[in-house]
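K.L.:
The structure that follows is given in the form of structure tokens.
Values in this text are rule-based calculations from the coordinates and carry no lab data. No experiment lies behind these values; they were computed from the predicted model shown. Heads up, the Cβs are rebuilt from the backbone with ideal geometry, glycines too, and the neighbour counts pull from every protein chain shown.
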Amino acid sequence: MVIVIILIVSAPALAADYGLTDTGRAIGFGSGSDNIYALINQAVTVFLSMLAILFFILTLYAGLRWMTARGNEEMATKAKETLEAAVLGLAVVVLSYALVRFIFQSLGA
């Protein structure tokens, strides 16, 4: 709900073109739609970036749960398990990102 409100409030700022389109064209960035590899690369990169943000949030959540366990071993164990899963997931996402970058750079995208 908070994310929706933030997006609605920031929509006018996001819609403004601060000359970035012209700057991008001047340095060689096109629309990206002429190369299917570039489009797929961008979509996968965005998806993996969102997953990395999710795992970072999970890490913060697990750390907060661990700090507020107050000596309760069951809560501390759940927090440790969540933290381990988040770190493992983040490692998988980072390795996936590196693999995708390598493959698409090899393809010339």
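K.L.:
Could you tell me the calculated FRET efficiency between R65 and L39, based on Cβ-Cβ distance and R0 = 35 angstrom, to the nearest 0.05?
P.N.:
So, using R0 = 35 Å, E works out to roughly 0.35.
K.L.:
Residue by residue, what Karplus-based ³J(HN,Hα) values in Hz, rounded to whole numbers, does the stretch 74-81 have, using 6.51, -1.76 and 1.60 with θ = phi - 60° and x for Gly and Pro?
P.N.:
5, 5, 5, 5, 5, 5, 4, 5
K.L.:
Output wanted: per-residue J couplings in Hz (rounded whole) for the stretch 50-65, from phi through Karplus 6.51 cos²θ - 1.76 cosθ + 1.60, θ = phi - 60°, x for Gly and Pro.
P.N.:
5, 5, 5, 5, 4, 5, 5, 5, 4, 5, 4, 4, 5, x, 5, 5
K.L.:
Okay, moving on. K78 versus M50, label points 7 Å from Cα toward the beta carbon: distance in nm?
P.N.:
Between K78 and M50, the simple spin-label model gives 2.8 nm.
K.L.:
Something else: With contacts defined as alpha carbon pairs under 8 Å and 6 or more residues apart, what's the relative contact order of the stretch 33-107 in percent?
P.N.:
Averaging sequence separation for qualifying contacts and normalising by length gives 43 percent for the stretch 33-107.
K.L.:
While we're looking at this one, here's another question. Which of E73, E84 has the fewest other C-beta atoms within 10 Å, and how do the rest follow up to the most?
P.N.:
E73, E84
K.L.:
To make sure I understand, if each residue's beta carbon is the centre and we count other beta carbons within 10 Å, what order do R101, R25, R70 fall in, fewest to most?
P.N.:
Least crowded to most crowded, the residues run R70, R25, R101.
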